[in-house]
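First up is the structure itself, then whatever we jot down about it.
The values are calculated or read from the model by the stated rules, or taken from the named source; none is laboratory data. All values derive from a computational prediction rather than experimental measurement. Reconstructed Cβ throughout: ideal geometry from the backbone, glycine too, with neighbour counts over all protein chains shown. To get the accessible areas, we keep the full protein, side chains included, count just its heavy atoms, and leave off ligands, DNA and RNA. Shrake-Rupley method; radii C 1.70, N 1.55, O 1.52, S 1.80 Å.
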Amino acid sequence: MITITEDRIGMLAPNAAAAANGKKISRSGGFVSLNQDREKTVIWGECKGSGKSNYKTSVDFLNPDQPVFRCSCPSRQFPCKHALGLMYDYLAGKAFEEAEVEASIQEKREKAQDRAKKKEEKEEKEKSGRTAGRQKTNQAAAVKKMKKQIEGLEKTGQIVEDILSKGISAMAGNTVRPYEDLAKQLGDYYLPGPQILLRRLLIDIRELKKAGADEKTLYEDAVNLLEKLSYLSVRAAAFLEKKIQSEDVRAEDSAFYENIGHVWKLDQLRELSLYKENARLLQLSFCPEYDEARAEYIDTGYVMDLDSHEISCTRNYRPVKAVKYVKEDDTVFDVIEVSALYFYPGEGNRRVRFEEFTTRPVTKKDLADVQSGADPDLAHAVKAAKNTLKNVLSGRRTAACIAYSAITEEAGENGSVYKLIDRTGAEILLSDGRELYSGSVPPPESGRMSPCAMLGFLGDPGLLRNQALFGIFEYDPAAESIRLIPCSIITPDQVIRLAY
């Protein structure tokens, strides 16, 4: 069955530009023929292009959760703009003539099914028929890697001690460069996690030397990074050493793996039972950022499981060097239905991943499910946030959905100040956050309104009473307190995005 929505096309598109180009093809009538099979499992057509011949394009929904795209154009994007344009034509309700599936499509279908069958047989054979020699080789390779990681963690501890002995404020200019070289070396020890942390620390140190730097915030961040590096150098090394001694080198559900930079495979997560079948997700916030330490763009979406009410996050990493060839995530307004949802180890808003999915419009029942999952007790939500944020291995943010009785506006020194009040009368200050937009709050001249400023333009006073707010808790070192960044308001009729 063919299931196409605006949001699903956006999720399938490699980036926003490709989706826009596909929509442009549809609006301009780029396809000279449009066809679908009798069972409504595949659409295909011919699209005018820059060459002499039309491009032959098809989108196969034989597996509705994972459509297959094919096109004769030379584009390196996948799916290409022609496949996206074909889906936009279908979404627009254009007439698709019923016809027999073309022989070329049927042949490719059969080949794909044959490949999938062989892959399944191979995986089953490897799973059930591994020899003892193969297991021994894997064991030896894993032990060798762990010993290398332990060596790198010891080096990390030495770097931390050296920086502490010199003092953060004393480091500048040429004194930072040797540590940048050491950060590069950590990659040779299979430690991308500590490598990124060290790079972030060096960025903070460089920023401290700039005029007008927010010294308190930068020092706070630098100290937290040193604490995390020190903790990993000792505890993660001991954790790996214990696994070597126990001769059980299999990956396990531990935050250490995430923090040293372990690359998880879906079958590993499944073996650890870190997955759920048939999940309904609704994205409540989306934020793309640039991470200078990683040299990557990170597309982060926060989603709520409409059944369990757990809030998780999706993360898509796009290296700068390959940004043209890596799929870009975007805001999703529809409900995402996935056959298998995988969880990465960790606490708080665990990272999730899924591959096969469909989307459908949001219903009032979905919104009621979100509101019923909102925490009515602000004190409880803040306590949970503090416990997460004070964990050395956790991130610097944690998200929650809170039911409120009111959001109030007061006059402050630099404009309006907003507070959220729960149904017990407890209140918390709402903040625009330090790093919600690509490292900092956008300046007024950027033309983008901050989340708190958006509250003043909602228009309907009813939106500020007895609704649910999805937000991100963050520790503010300047104020030495927890603040809440408002990201969206959930009503019985809609989700209002304040930040993306």
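Is it true that residue 76 is in contact with a helix residue (DSSP H, G or I) (Cβ under 8 Å, 6 or more places away or on another chain) and at pLDDT below 85?
Details: in contact with a helix residue (DSSP H, G or I) (Cβ under 8 Å, 6 or more places away or on another chain): yes; at pLDDT below 85: yes.
Yes: the conditions hold for residue 76.
Considering only segment 325-357, how many residues are open to solvent by 50 Å² or more (accessible area, probe 1.4 Å) and either closer than 26 Å to residue 2 by Cβ or over 18 Å from the mean Cα position of the chain (by Cα) (or both)?
Total satisfying the criteria: 8.
Scan segment 476-488 for residues that are open to solvent by 10 Å² or more (accessible area, probe 1.4 Å) and either outside any strand (DSSP E or B) or modelled with pLDDT of 85 or more (or both) and jot them down.
If the condition is that a residue be open to solvent by 10 Å² or more (accessible area, probe 1.4 Å) and either outside any strand (DSSP E or B) or modelled with pLDDT of 85 or more (or both), then 478, 479, 480, 482, 483 are the ones that fit.
Conditions (1) over 23 Å from residue 396 (Cα atoms); (2) in contact (Cβ under 8 Å) with a residue 12 or more places away in the chain; (3) of a type in the set (Phe, Trp, Tyr), marked per residue:
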| position | (1), (2), (3) |
| --- | --- |
| 152 | yes, yes, no |
| 155 | yes, yes, no |
| 161 | yes, no, no |
| 184 | yes, no, no |
| 191 | no, yes, no |
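For residue 317, state whether it is in contact (Cβ under 8 Å) with a residue 60 or more places away in the chain, within 26 Å of residue 198 (Cα to Cα) and of a type in the set (Phe, Trp, Tyr).
Working: in contact (Cβ under 8 Å) with a residue 60 or more places away in the chain: no; within 26 Å of residue 198 (Cα to Cα): yes; of a type in the set (Phe, Trp, Tyr): yes.
It is false that residue 317 is in contact (Cβ under 8 Å) with a residue 60 or more places away in the chain, within 26 Å of residue 198 (Cα to Cα) and of a type in the set (Phe, Trp, Tyr).
Each row is one residue, and each column tells you yes or no for (1) part of a loop (DSSP other than H, G, I, E, B); (2) modelled with pLDDT of 90 or more; (3) among the acidic types (Asp, Glu).
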position	(1), (2), (3)
226	no, yes, no
229	no, yes, no
232	no, yes, no
237	no, yes, no
243	no, yes, no
248	yes, no, yes
259	no, yes, no
264	yes, yes, no
269	no, yes, no
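Would you be able to tell me the number of residues in segment 143-161 that are open to solvent by less than 60 Å² (accessible area, probe 1.4 Å) and either touching a Leu at 6+ places or on another chain (Cβ under 9 Å) or at pLDDT below 90 (or both)? Even if it seems obvious, please write down each step before you answer.
Kept after step one, since they are open to solvent by less than 60 Å² (accessible area, probe 1.4 Å), are these residues of segment 143-161: 143, 146, 149-150, 152-153, 155-157, 159-160.
Pick out the ones that are also either touching a Leu at 6+ places or on another chain (Cβ under 9 Å) or at pLDDT below 90 (or both) and you get 146, 149-150, 152-153, 155-157, 159-160.
Going through segment 143-161 one residue at a time, the tally reaches 10.
Could you list all residues from segment 448-467 that are in contact with an Asp or Glu (Cβ under 9 Å, 6 or more places away or on another chain) and not in a loop (DSSP other than H, G, I, E, B)?
The answer is 451, 452, 453, 455, 464.
I'm trying to understand the selection: among the residues of segment 12-56, which are open to solvent by less than 30 Å² (accessible area, probe 1.4 Å) and part of a helix (DSSP H, G or I)?
Listed by number, the residues that qualify are 12, 18, 19, 22, 25, 26.
Just need a number here: residues in segment 100-128 that are part of a helix (DSSP H, G or I) and at pLDDT 75 or above.
15
So which residues in segment 222-249 are free of Cβ contacts under 8 Å to residues at least 60 places away in the same chain and farther than 16 Å from residue 148 by Cα? Spell out how you get there, then give the answer.
Here is the first cut: in segment 222-249, the ones free of Cβ contacts under 8 Å to residues at least 60 places away in the same chain are 222-223, 225, 235, 238-239, 242, 245-246, 248.
Across segment 222-249, the qualifying residues are 222, 223, 225, 246, 248.
Are any residues in segment 57-74 part of a loop (DSSP other than H, G, I, E, B), open to solvent by less than 60 Å² (accessible area, probe 1.4 Å) and either of a type in the set (Ser, Thr, Tyr) or without any contact (Cβ under 8 Å) to a residue 40 or more places away in the chain (or both), and if so, which ones?
The one that is part of a loop (DSSP other than H, G, I, E, B), open to solvent by less than 60 Å² (accessible area, probe 1.4 Å) and either of a type in the set (Ser, Thr, Tyr) or without any contact (Cβ under 8 Å) to a residue 40 or more places away in the chain (or both): 73.
Would you mind stating whether residue 360 is charged (D, E, K, R) and buried (at least 16 other Cβ atoms within 10 Å of the Cβ)?
no
Would you call residue 228 open to solvent by 70 Å² or more (accessible area, probe 1.4 Å) and of a type in the set (D, E, K, R)?
So residue 228 does not fit the description; no.
Would it be correct to say that residue 282 is touching a residue at least 12 places away in the same chain (Cβ under 8 Å) and either more than 15 Å from the chain's Cα centre (by Cα) or surrounded by fewer than 16 Cβ atoms within 10 Å (Cβ to Cβ) (or both)?
Judged against the criteria, residue 282 is not a match.
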